[in-house]
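Taking it in order: structure first as structure tokens, then the write-up.
The values are calculated or read from the model by the stated rules, or taken from the named source; none is laboratory data. Small disclaimer: the values here were computed from a predicted structure and weren't measured. Heads up, the Cβs are rebuilt from the backbone with ideal geometry, glycines too, and the neighbour counts pull from every protein chain shown. Areas reflect the complete protein model, heavy atoms only, side chains present, ligands, DNA and RNA absent. Shrake-Rupley method; radii C 1.70, N 1.55, O 1.52, S 1.80 Å.
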Amino acid sequence: MTKDQLYKELNYVNHSREKRLFYANMVIENPNLVGPLLEILFDVDDKISCRAAWVFEFMCGEKLEAIIPHLDVFTANVSKVHLDPAVRPMAKICEYLIKAFYAKKPSKIKSVLTEKHKEKIIEACFDWMINDEKIAPKAYSMNALYLLGSEYDWIHPELALILERDFQMQSSGFKARARHILKKIKSKIMD
């Protein structure tokens, strides 16, 4: 399948779990499609890029290791994504990567996620935290940043500052997640 054919196929992707999973599995079974999918995804002003983001998120949810050959491209471009329906899946993928990296169980992600990759993810997550994004990207970002804060000691104070500053202006969902993360940060400081 060519990039143009994939682009046309993405017109059939909708919000249904069934469609996103169907196309994610198609990409998993044809790893040569990951590159073209990312090219479409990172054409960030095209509305079809959002559909590519949904498929890519589901692919990563099903088989995170499929992103490994494309980590440089993903992390170099993740901050460029700006359309609301595409930002949420990008934040979710960042959370997937960071959870896999810091998980107790073995993961190939641990051996391939570099300092540079982590720095790009940190940058994107902080951008989503301070920009006017919906709750989901902020929630995924807070989780990822909290985990990254175990390695980068400057992250927890910065994250706490943002969470406390934005607390009153945010939704109840944000407040619940922020309270949880702030409690974890404060208990780490007490240790």
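Among the residues making up the stretch 118-132, those that are within 16 Å of Met169 (Cβ to Cβ) and surrounded by fewer than 19 Cβ atoms within 10 Å (Cβ to Cβ) are Ile130, Asn131, Asp132.
Being over 13 Å from Tyr96 (Cβ atoms) and either touching a residue at least 60 places away in the same chain (Cβ under 8 Å) or in a helix (DSSP H, G or I) (or both) is true for just one of Ala52, Ala66. Which residue is that? Steps first, answer last, please.
On the way: Ala66 fails: over 13 Å from Tyr96 (Cβ atoms).
From the options Ala52, Ala66, the qualifying one is Ala52.
Of the residues in the stretch 1-50, how many are open to solvent by 70 Å² or more (accessible area, probe 1.4 Å), touching a helix residue (DSSP H, G or I) at 6+ places or on another chain (Cβ under 7 Å) and within 20 Å of Val87 (Cβ to Cβ)? Going through the stretch 1-50 one residue at a time, the tally reaches 2.
Among the candidates Val81, Val73, Val44, the residue that is closer than 28 Å to Lys8 by Cβ, under 13 Å from the mean Cα position of the chain (by Cα) and of a type outside the set (Asp, Glu) is uniquely Val81. Among the residues of the stretch 104-112, is any part of a helix (DSSP H, G or I), touching a Cys at 6+ places or on another chain (Cβ under 6 Å) and not hydroxyl-bearing (Ser, Thr, Tyr)? There is no residue in the stretch 104-112 that is part of a helix (DSSP H, G or I), touching a Cys at 6+ places or on another chain (Cβ under 6 Å) and not hydroxyl-bearing (Ser, Thr, Tyr).
Within the stretch 139-191, how many residues turn out to be of a type in the set (Phe, Trp, Tyr) and over 13 Å from Met129 (Cβ atoms)?
So the count comes out to 2.
Residues that are farther than 15 Å from Ile185 by Cβ and either of a type outside the set (A, V, I, L, M, F, W, C) or out of contact with any Cys (no Cβ under 9 Å at 6 or more places or on another chain) (or both): does the stretch 154-165 have at least one? There is no residue in the stretch 154-165 that is farther than 15 Å from Ile185 by Cβ and either of a type outside the set (A, V, I, L, M, F, W, C) or out of contact with any Cys (no Cβ under 9 Å at 6 or more places or on another chain) (or both). Of the candidates Phe126, Phe167, the single residue that is more than 20 Å from Ile93 (Cβ to Cβ) and either outside any helix (DSSP H, G or I) or of a type outside the set (Ser, Thr, Tyr) (or both) is Phe167. Does Lys104 qualify as being farther than 26 Å from Ile40 by Cβ, touching a helix residue (DSSP H, G or I) at 6+ places or on another chain (Cβ under 6 Å) and of a type in the set (Lys, Arg)? Taking the combined requirement at face value, the residue does not satisfy it.
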